[in-house]
1. Which ones in region 44-82 are over 21 Å from I23 (Cβ atoms) and either part of a loop (DSSP other than H, G, I, E, B) or of a type in the set (K, R) (or both)?
2. Can you tell me which residue within region 171-188, out of those that are modelled with pLDDT of 95 or more and more than 13 Å from the ligand (Cβ to nearest atom), is farthest from E104 (Cα to Cα)?
3. Name the residue that is farthest from the chain's Cα centre (by Cα), counting only residues in region 143-157 that are buried (at least 19 other Cβ atoms within 10 Å of the Cβ) and away from the ligand (no atom under 12 Å from the Cβ).
4. Looking only at region 182-198, count how many residues are surrounded by fewer than 20 Cβ atoms within 10 Å (Cβ to Cβ) and either aliphatic (A, V, I, L, M) or in the same structural domain as G269 (by TED's automatic domain parsing) (or both).
5. Could you tell me which of the residues Y125, Y119 is away from the ligand (no atom under 13 Å from the Cβ), of a type in the set (F, W, Y), out of contact with any Lys or Arg (no Cβ under 9 Å at 6 or more places or on another chain) and touching a residue at least 12 places away in the same chain (Cβ under 8 Å)?
6. Just the residues that are in contact (Cβ under 8 Å) with a residue 40 or more places away in the chain, small (G, A, S) and part of a helix (DSSP H, G or I), please, taken from region 129-183.
7. Would you call L202 crowded, with 21+ Cβ neighbours inside 10 Å and part of a helix (DSSP H, G or I)?
8. Within region 209-229, can you find the residues that are farther than 17 Å from S332 by Cα and part of a loop (DSSP other than H, G, I, E, B)?
Amino acid sequence: MAKNRRLSVVVKGNAYGHGIQDIVPMLEDEGIDHFCVFSAQEAYEVFKVASKHCSIVIMGDMTDEAIEWAISEGIEFYVFDFNRLKKAYSIAKEKKKKALIHLEVETGMNRTGFDMNEYVELAEYLKEKDGFFRIIGLCTHFAGAESVSNYIRIKNQIKKFKKAQEILVSFGIKVELTHAACSAASLRYPQVRFDMVRIGILTYGFWPSQEVYIEYLTKKKTHKNPLERVISWKSFVMNIKKVKLGEYIGYGTSFQANENKTLALIPVGYETGFSRNLSNQGKVLIRGQTVPVVGIVNMNLCSVDITRIQNVKEGDEVVIIGKQGENEATVSSFSDMSNLLNYELLTRLPTDIPRQIVL
Ligand SMILES: *Cc1c(COP(=O)(O)O)cnc(C)c1O
């Protein structure tokens, strides 16, 4: 990494399901002092547990009250339209405190960001209101850097971003940090690492896509995955049930026992992030062995087939993600089963599942 390049860790989606309040102090122990979030609510969660010197950047959703709070507390935020910019100005003026802003420019994702035809007005406004803003960042986001199929689109975005930089500089706008790259972009397009990278999924030990992973292995001529999963997800056997040949299992008729079966009921369902798409598809580990989900995943429960496993008892550990004995249930195996992206599965883990830190 370049000497002065900053690493911002993205902790939106409750730190990709890991839990902001647990993950932020651990990241700080590793020397991270910069955090990006989506909403003001998440910024507040980080703010509660992070040291005062850390930078917190809100990339998305904020109410007017949140803008007030952010300016008072020195929380940074994205500005991608004149509404927010003007609101920030009036609050900064009233509080006699500078708003710490990141100017987001539209480069082709067509999500948020100032358009090229707004730059003149933007530059003039910022110059006129000089003293009320500290322009910390100039930034953009790429529309799918994790897939080679978006190559042309990303290349065009890079060109457009450079153009935006030139134009704004030519109007006399000074920016402290230029940043654009998420995990995939920082791996595949090193030229866009600029002054700071915003890294989410890699931090937690997952690849943005299978494609990026394979490309990495090919480039490095290695077979070793340098990333390590941090999270495990465990539950327990709540009940054991015998079912006779020919009986249906659970709601409806999606699974009929083709032999006398023994089932274990697990208190995990779609309410707890175990998608209904995993009905008759999902797999978990019990006593070190992989067992299949049978029947429909319920709101709070699912059944697994333990007919071939000896000595399972109520209370036995069930591993949904992680290792047990010789076997491992990976997050990516879920996408094979249900089309859930890493990202989606992780962030769907409810905030109220108890998290336990194991060092
Ligand atoms: C989510 C997000 C990131 C991080 O993406 P990863 O693929 O998890 O690294 C970076 N920038 C923005 C604007 C984001 O929304």
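1. M62, T63, G74, F80, D81
2. Residue satisfying both the conditions and the ranking: E176.
3. Q157
4. Number of matching residues: 0.
5. Y119
6. Listed by number, the list holds a single entry, A164.
7. no
8. Within region 209-229, K221, T222, H223 meet the criteria.
The values are calculated or read from the model by the stated rules, or taken from the named source; none is laboratory data. Remember, it's a predicted structure, so these values are computed and weren't measured experimentally. Don't worry about glycine lacking a Cβ; one is built from the backbone with ideal geometry, like all the others, and counts go over all protein chains shown.
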